[in-house]
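The values are calculated or read from the model by the stated rules, or taken from the named source; none is laboratory data. Here the structure is a predicted model, which is why all the values come from computation and not from measurement. Neighbour counts are summed over all protein chains in view; Cβ atoms, including those assigned to glycine, are modelled from backbone coordinates with ideal geometry.
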Amino acid sequence: MIADKAYSNGIIRNYLTTRGVKAVIPQKSNEKTSRKNKGSTGGRPPTFDAMLYKGRNVVERHFGLAKQWRGIATRYEKLAITYRATAVLCAVVAWLRN
């Protein structure tokens with residue numbers, strides 16, 4: 001699971017670990033300083049794969065692109081199938097641009 005700093009806490013990390021999910025979540029700066037202030041009792045920092053985290057922006061950029069489509073951002077369509085068709089059309093247009 002790749003998440004931003006808002007999800008960086010022990011409860012979420014422990015939950016993901018018990019489920020067998022690898023978490024790629026950067027630490028908050030206050031967590032880092034707190035751990036360093038504790039010294040040797042502060043424990044090890046959680047693992048963080050920076051290269052894997054860099055791929056997260058692809059998803060964020062696609063959501064930003066989809067929100068430019070007014071019908072998707074405000075969900076004007078009454079039927080779920082019409083909304084899904086609009087989202088698929090948005091994805092196809094984004095794919096064709098590349």
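Brief remarks on what is shown
- Long-range neighbours under 8 Å by Cβ, at least six apart or interchain, first residue on the phi < 0 side of the Ramachandran plot within the range 42-57, second surrounded by 11 or more Cβ atoms within 10 Å (Cβ to Cβ) and part of a helix (DSSP H, G or I): 42/34; 42/35; 45/32; 45/35; 46/13
- Filter result for residue 85 (touching a His at 6+ places or on another chain (Cβ under 7 Å) and not hydroxyl-bearing (Ser, Thr, Tyr)): no
- Checklist (1) at pLDDT 90 or above; (2) not in a helix (DSSP H, G or I) applied to residue 93, failing item: (2)
- Meets criteria (within 26 Å of residue 3 (Cα to Cα) and of a type in the set (S, T, N, Q)) for residue 74: yes
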